[in-house]
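Before any comments, here is the structure.
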Amino acid sequence: MDLHFLALMASVPILALLILMVGFRWPATKTMPVAWLVAALLAFFVWEMPAVWIAAASINGVIITLKILIIIFGALLVLFTLRESGALDAINRGFTNISEDRRIQAILIAWMFGSFIEGAAGFGTPAALGAPLLLALGFPALAAVMVALVGNSTAVTFGAVGIPIWGGMGWTLNVPSVINAAEQQGMSFDALIHKIGIWAAVPHALVGTLVPLMMVCMLTRFFGENKSFREGLKVWPYALYAGACFTIPYLLTAVLIGPEFPSLLGGLFGLGILALTTRAGFLVPKEKWDFPPQETWLPEWMGTIPASPKNINSHIGLVRAWIPYILIAFLLALSRLKFLPFGTWLNAWSIKLTNILGVGLDSSIEPLYLPGLFPFVIVALLCIPLFKMESSMVSRAWKETFVRLVNPAIALVFAVPMVRIMIQSGHNPNDVLSMPLVMAKFVADTAQGVWPLFAPFIGALGAFMAGSNTVSDMLFALFQYGVADELGLSRLIILGLQAVGGAMGNMICVHNVVAACATVGLVGAEGLLIRRNIIPMTIYGLLAGTLGLLFVYILFLGLF
């Protein structure tokens, strides 16, 4: 079949998502079933994918959905437990004491704290944790989710202890042609993966430093009384400083240690430095910025969860209030350091489904390894004695968690199977490439020599569809390598741009948007968030792609 026709057909599920969610502003609960049906019909009638494969891919997607829902459940439970206990009120006071400026609060939580949690947990956890924290400070729910998603970008390339690089890239590129080409350049396969991480960190370090500034400019433009970008730009010295506090240790870690810890260590060191210097007033603007009075907020700004915590137990100290989050970060890091046995122990209990419907697809869930159960639920239970909670408080927290899980469950149980059908559509009697690869091949044939400018957007496409930088890398790493090889471009730089794209696509990733909205009680705002977050994502991609052109054709000629 004609490549142009196939590429157009492959884009239909994505176009359906964009039109219904962004154009008609349908909620994800209505859009996702339609998109799944469209993908299934295309797979069956155009790709001639056997019905049993469509069913198996959908089942595989449902199992992946369960993993995501476990994480959302845990994040919600921690939020509602802390809210009922009054600990969120103490955290609110703590951030207010550092700075009452909403721009500073957004940078501290959405950018720096979120980056640390991304390095420890990944899987959409930072936005699911950061948005409720911002909500507790008094941010409108829509603003909280928007900045949490934008801030959770640069760190995503290395995700949970480097999995997108050594896992997503490594598993896909571990083929004889790539291994042999690397060895001819004197590189082992491990060294190749390390270098891909470096060439992802380099453009990130340059462009990512601008993210806090982009984030606060969007905050003041869409949620300020004056609707002005200028009020965000006024904080540019602090925003760039905050960006560098993360990206400098991030880059150094990628170069000196490897892909496992750039986000984790960048966030850890950056958060400590930024919190201390902010408290000391370094580069903090004298003129504070705040949202307009709450009674003037637009209805679309607000979710069903109140924009401030209950002042139930105001005597809780700041240190004790932060113990649950500190414990979460510590346990996440502990369970994911490869030289420690804890991750292996947690992975030991695995629920497996092999050879689904006889087609060869396998799925598994490691319940204890998912952040939702360990440490989120465990920490939520520990909060009961820590904050001396009454049984009625605990009951309300658990009940509200289950209620809030309904809408994201409906959306995700169709969204992930849709993606799995598209990915598996290559299993057809005519040996036609899968939908994502057809789209990527069409773009590659069209772009030719300016491919570095487009490479990040392919990574973003994968993240948008699959909800994961890891999956995006698995989908497109080998393809990006092949395009670079065919066009005579640096394979390391192009693969690095793929990883950058998977991270920036996290800003508009449907899964993360739905999950973050759930944690603050937003319903039906997913399309609006995607439409707005396309702005910083596009800027990020164009800057990264321009750097790619500069690297490939001028600065690093001859690089593998």
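The values are calculated or read from the model by the stated rules, or taken from the named source; none is laboratory data. Please read these numbers as outputs of a predicted model, since none were measured by experiment. Every residue, glycine as well, gets a Cβ built from its backbone with ideal geometry; the counts of neighbours run over all protein chains shown. Accessible surface is based on the protein model in full, side chains and every heavy atom, while ligands, DNA and RNA are left aside. Shrake-Rupley method; radii C 1.70, N 1.55, O 1.52, S 1.80 Å.
What do you reckon, is Gln480 in contact (Cβ under 8 Å) with a residue 24 or more places away in the chain, under 12 Å from Ala200 (Cα atoms), touching a helix residue (DSSP H, G or I) at 6+ places or on another chain (Cβ under 9 Å) and polar (S, T, N, Q)?
Criteria not met by Gln480.
Only one of Leu475, Leu542, Leu487 is surrounded by 20 or more Cβ atoms within 10 Å (Cβ to Cβ) and over 13 Å from the mean Cα position of the chain (by Cα). Can you tell me which? The match here is Leu475.
Report, ordered by the first and then the second residue, all pairs with beta carbons closer than 6 Å, sequence separation of six or more or different chains, a first member in region 51-68 that is open to solvent by less than 20 Å² (accessible area, probe 1.4 Å), and a second member that is outside any helix (DSSP H, G or I) and of a type in the set (S, T, N, Q). These pairs meet every condition: Asn60/Ser363.
If you go through region 30-50 and keep only what is open to solvent by 40 Å² or more (accessible area, probe 1.4 Å) and assigned to a helix (DSSP H, G or I), you end up with Lys30, Val34, Trp36, Leu37, Leu41, Phe44, Phe45.
Rundown of residues vs (1) open to solvent by less than 10 Å² (accessible area, probe 1.4 Å); (2) within 26 Å of Phe5 (Cβ to Cβ); (3) hydroxyl-bearing (Ser, Thr, Tyr), yes/no style:
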site: Pro456; (1), (2), (3): yes, no, no
site: Gly459; (1), (2), (3): yes, yes, no
site: Ile493; (1), (2), (3): yes, no, no
site: Leu497; (1), (2), (3): yes, no, no
site: Met507; (1), (2), (3): yes, no, no
site: Glu526; (1), (2), (3): no, no, no
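Would a scan of region 175-184 turn up a residue that is open to solvent by 50 Å² or more (accessible area, probe 1.4 Å), over 22 Å from Gly548 (Cα atoms) and of a type in the set (Ser, Thr, Tyr)? Yes. Among the residues of region 320-343, those that are at pLDDT 85 or above and either among the small types (Gly, Ala, Ser) or surrounded by fewer than 16 Cβ atoms within 10 Å (Cβ to Cβ) (or both) comprise Arg320, Ala321, Pro341.
The C-beta contact set for region 368-379 (first residue within 15 Å of Thr401 (Cα to Cα), second residue surrounded by 22 or more Cβ atoms within 10 Å (Cβ to Cβ) and hydroxyl-bearing (Ser, Thr, Tyr), distance under 7 angstrom, 6+ apart or interchain) is empty. Could you list, in sequence order, the residues of region 250-272 that are buried (at least 24 other Cβ atoms within 10 Å of the Cβ) and over 23 Å from Gly170 (Cβ atoms)? Listed by number, the list holds a single entry, Gly270.
Any residue that is surrounded by fewer than 24 Cβ atoms within 10 Å (Cβ to Cβ) and polar (S, T, N, Q) - is there at least one of those in region 403-421? There is at least one residue in region 403-421 that is surrounded by fewer than 24 Cβ atoms within 10 Å (Cβ to Cβ) and polar (S, T, N, Q). When region 221-249 is filtered for residues that are buried (at least 24 other Cβ atoms within 10 Å of the Cβ) and either under 26 Å from Leu298 (Cβ atoms) or at pLDDT below 95 (or both), the ones remaining, listed by number, are Val235, Ala239. Would a scan of region 379-388 turn up a residue that is modelled with pLDDT under 85 and open to solvent by less than 50 Å² (accessible area, probe 1.4 Å)? No, that holds for no residue.
Among the residues making up region 389-402, those that are assigned to a helix (DSSP H, G or I), farther than 17 Å from Lys67 by Cα and open to solvent by 20 Å² or more (accessible area, probe 1.4 Å) are Ser391, Ser392, Met393, Val394, Ser395, Arg396, Trp398, Lys399, Glu400.
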